[in-house]
Amino acid sequence: MRRGWKMALSGGLRCCRRVLSWVPVLVIVLVVLWSYYAYVFELCLVTVLSPAEKVVYLILYHAIFVFFTWTYWKSIFTLPQQPNQKFHLSYTDKERYENEERPEVQKQMLVDMAKKLPVYTRTGSGAVRFCDRCHLIKPDRCHHCSVCAMCVLKMDHHCPWVNNCIGFSNYKFFLQFLAYSVLYCLYIATTVFSYFIKYWRGELPSVRSKFHVLFLLFVACMFFVSLVILFGYHCWLVSRNKTTLEAFCTPVFTSGPEKNGFNLGFIKNIQQVFGDKKKFWLIPIGSSPGDGHSFPMRSMNESQNPLLANEEPWEDNEDDNQDYPEGSSSLAVETET
């Protein structure tokens, strides 16, 4: 009886957590809906008097708004990609691994299994990266997310503002969302500013629209500052071909720790996220190369471009098996390797 109550309580808590996880998304949606109303109706249709100016403002606004909402939708509803079946332990291997009590033997078992897989990264101690919750050998750049309760390919972070784990399947969409968010806020701020000044000086009548216009500029500027910092940070990560987790914890390869292990050069790094067809870079459709299980590495690229070997090595960092606390990406995020 007591066990049944505990299970019911645990299920109820999980349900509440799922519901509450949508609160940040709901906040963003409400702010965006209000900004749409304030800009389209209170500014363009009520405050702006010139018909030509109204048309230009509305056309440009809706063009940006479509891409902004499209990329936000894709960031939220593109499911994180998990490792395929060949990285999971078979029933026999899982039983052998769990029944073995000697850690050194377990470690050797994982080494033998990993020889059949394209994995080149290790833990800080040199062991094969293994997830004891998903019972799989982690592919390179894969980490376990404690929020999503699964291993995510090329995991970057878990973002509460999209209620989703950002990784191989949707990192391009997340970057595009940040870019269009910055553009959205900048466009609103620049077009609203002149009318903000007019209301401030009393050149326009103090009507209901005054509050919306004044507050619209304030909100746009506030979001612009935080978003441009976050977007700039992720642009730096892309230019170095790093994830947020790799920026904080140096990847360890079979040859040792290497902070630039996946750095292929500026152009190739960008292509690793957006693909080699530039016509798809601004459109939220999947174009990232590969399957997310293996990635070209710097050491392999040096034989084709010896100049890469001239860059200075980076310092070592901590064990890959550590857990990452919760937060957000400009604001922190919850992740767990």
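The values are calculated or read from the model by the stated rules, or taken from the named source; none is laboratory data. What you see is a predicted model, and the numbers here were worked out from it, not measured in a lab. Every residue, glycine among them, receives a Cβ derived from its backbone with ideal geometry; neighbour counts consider all protein chains shown. Only protein heavy atoms, including side chains, enter the accessible area calculation; ligands, DNA and RNA are left aside. Shrake-Rupley method; radii C 1.70, N 1.55, O 1.52, S 1.80 Å.
Structure notes:
- With every protein chain in place, the range 247-304: carbon and sulfur % of accessible area (1.4 Å): 58 percent
- Kirkwood Rh, angstrom, the range 247-304 [1 / mean 1/r, Cα pairs]: 12.8 Å
- Tally of Lys pairs whose C-alpha atoms are under 20 Å apart, taken over the range 1-143, 8 or more apart or cross-chain: 14
- Separation of alpha-carbon centers, the range 87-102 and the range 12-64, rounded to whole Å: 52 Å
- Tilt relative to the chain, helix 23-37 - C-alpha long axis, 0 to 90 degrees, to 10: 30 degrees
- Each label was represented as a point 7 Å from its Cα along the Cα-to-Cβ direction; for I285 and R240 these points are 3.3 nm apart.
- Heavy-atom accessible area order for H234, H88, largest first, 1.4 Å probe: H88, H234
- Between the Cα long axis of helix 208-240 and the first principal axis of the chain there is an angle of about 30°, rounded to the nearest 10.
- Computed with a 1.4 Å probe over protein heavy atoms only, the accessible surface of the range 85-162 comes to 48 Å² per residue.
- When F253, F196 are compared by accessible surface with a 1.4 Å probe, the order from highest to lowest is F196, F253.
- Gaussian network model of the chain, springs between alpha carbon atoms under 10 Å - residue of S255, S146, S299 with greatest fluctuation: S255
- Gain in span if fully extended, D276 to S50, counting 0.36 nm per residue against the direct Cα distance: 77.0 nm
- In this view, the solvent-accessible surface of I285, computed with a 1.4 Å probe and all protein chains in place, comes to about 60 Å².
- The range 8-162, accessible surface, carbon-and-sulfur percent (1.4 angstrom probe): 66 percent
- Residue list for the range 116-150, given a label point 7 angstrom along the Cα-to-Cβ vector of Q108 and an amide N cut-off under 20 Å: 116-117, 123, 125-130
- Between S226 and E203, the distance separating the two model label sites (each 7 Å from Cα on the Cα→Cβ line) works out to 3.2 nm.
- GNM top mover of T243, T47, T123 - the chain, alpha-carbon springs below 10 Å: T47
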